[in-house]
Amino acid sequence: MQATDQTMKEQVQTLWTSKRPLIISGPCSAETESQMLETAQRLAATGKVDMLRAGIWKPRTRPGMFEGIGVKGLPWLLQAKKITGLPTTVEVATAKQVEDALSFDVDVLWIGARTTVNPFSVQEVADALRGVDIPVLIKNPINPDLELWTGAVERVQKAGIKQVGLIHRGFSSYGNSEYRNAPMWHLAIEMKRRNPDLPIICDPSHISGRRDILQAVSQKSVDLDYDGLMIESHIDPDNAWSDAKQQITPERLAEMLNDIVWRKEDVNSEEYHAALEKLRQQINHLDDELMQILAQRMKVADKIGQYKKENSITILQTNRWNEILERAFKKGEAMGLSKEFITKYYDALHMESINHQNKIMND
Ligand code: PEP
Ligand code: MN
């Protein structure tokens, strides 16, 4: 295995630790040499891209689709790097792919969503990385399971990889129409909270699955203080061999990046801080009140549990629950609370009440 050229290693190190937002772009799949080189040159010409991506081996959910150009595409990527000076990243899913990617000086590796779900595959990739000094990005698993995502991070870190990052690409959910992969932002936020030292990059392309919402999804991740974006781009998006609907031209990417409002996590103005601090105090105060009310509600639920126990009534009273929900939807709507929020909030509340009553009835 060839070591990556030292100056490029330093460039990647600087990007990794201090270039924010880190912008990664390139085709879903490397298709032909000219497509790869032209995409890379047009991306570089925008001056807005830090790293080139390309899928060389494509794990497709169903057989019969384009499964990647394979090793043949790696020299194209190396050539693209030589021409543009941009480092490269590819997805790897097996030990052999790690070896091939390293032998063509790929600078950053990423583990795809269909690999993160499988601890055997992640372990195989991790073992192949032992003794190698390269940054590795780990996409969330296709299913909404933070433990699997965490497990993959741990396996790669245990193999000695120091620079590990996260990519949020959304989660499969049956019957979801708006997104190709539901973002479930709360899961990514929780992963970020648990791993404050790992950079987290959003992949709006695979979340959206279509061009028209790419910018909105990207903006949301920027507002949530992500460290960067990985966006698929192609010289002729409609005729791309994979993920045609979600790819955009390098020029459109540049426009989109221009239109995004890049907010800072922190602003160094005293006045701003004082105002924010006041609002935060209000939030703390309201949260404390909410907590007290919730505790009171559970005490009432306990009393109901006692009554149900004495009268041998079941815990779950479906009609009563529907009545509560209907009431909450109506009231919530009038107060500007979404039905989605009310549903989640009441589900959690109901479960907690049931658990309380269960304890009383079965103790
Ligand atoms: C990709 O980045 O092209 C890809 C296959 O992504 P994911 O693993 O998120 O599906
Ligand atoms: Mn893709």
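Only the coordinates and a few stated rules stand behind these numbers; no lab work does. Values in this document were obtained by computation on a predicted structure and should not be read as measured data. For neighbour counting, all protein chains shown are included, and Cβ atoms are generated from backbone atoms with ideal geometry for every residue, glycine included.
Summary table
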read-out	value
Given charges at beta-carbon only (K, R positive; D, E negative), |dipole| of region 119-173 in Debye	140
Radius ratio Rg over Rh of region 242-363, counting only Cα atoms, Kirkwood formula for Rh	1.21
Potential lengthening between Ala334 and Asn358 on full extension [0.36 nm per residue; Cα-Cα distance subtracted]	5.3 nm
Trypsin sites (Lys or Arg not before Pro) lying in DSSP loop within region 126-167, provided at most 11 other Cβ fall within 10 Å	Arg130, Lys162
Degrees between helix 33-46 axis and first principal axis of the chain (Cα, 0 to 90, nearest 10)	70
FRET efficiency, 1/(1 + (r/R0)^6) with R0 56 Å, evaluated for Thr32 and Ile313 via beta carbons	0.20
Three-way shape label, region 67-214, alpha-carbon gyration tensor, a/c 1.5	oblate
Contact order normalised by residue count of the chain, Cα under 8 Å, 6+ apart, percent	13
Cα gyration tensor shape of region 5-259, rounded if a/c is under 1.5, else prolate or oblate by comparing a/b with b/c	rounded
Exposure proxy order (Cβ contacts within 10 Å, fewest to most) of Trp262, Trp321	Trp262, Trp321
Bridge type composition, region 130-213 - antiparallel percent by DSSP, nearest 5	10
Chymotrypsin sites (Phe, Trp or Tyr not before Pro) restricted to DSSP loop in region 31-85 with at most 16 other C-beta within 10 Å	Phe66
Using a Förster distance of 45 Å, the FRET efficiency for Glu270-Val71 (Cβ separation, nearest 0.05)	0.20
Computed E for Tyr346/Thr17 - FRET, C-beta separation, R0 30 angstrom, nearest 0.05	0.10
Positive-pole candidate from Tyr345, Trp321, Asn311, dipole of region 270-361, charges at beta carbon	Asn311
Rounded to 10°, Cα long-axis angle of helix 339-362 versus longest principal axis of the chain	60
10 Å Cβ shell holding at most 11 others, DSSP loop, GluC sites (Glu not before Pro): longest site-free stretch of the chain	1-177
Region 224-363 - charge dipole about Cα centre, Lys and Arg +1 at Cβ, Asp and Glu -1, debye rounded to 20	1280
Of the chymotrypsin sites (Phe, Trp or Tyr not before Pro) in region 82-177, those whose Cβ has at most 13 other Cβ within 10 Å and which sit in DSSP loop	Tyr174
The chain - charge dipole about Cα centre, Lys and Arg +1 at Cβ, Asp and Glu -1, debye rounded to 20	800
Degrees, to the nearest 10: 146-158 long Cα axis against longest axis of the chain	40
Distance violations [Cα-Cα > 19 Å] among Lys9/Lys139; Lys192/Lys264; Lys81/Lys162; Lys299/Lys359	Lys9/Lys139; Lys81/Lys162
Contact order relative to length of region 106-231, as percent, for alpha carbon pairs under 8 angstrom and 6 or more apart	20
The chain - share of DSSP beta bridges that are antiparallel (%, nearest 5)	5
Potential extension, Leu290-Asp212 segment - 0.36 nm per residue separation minus Cα distance	24.2 nm
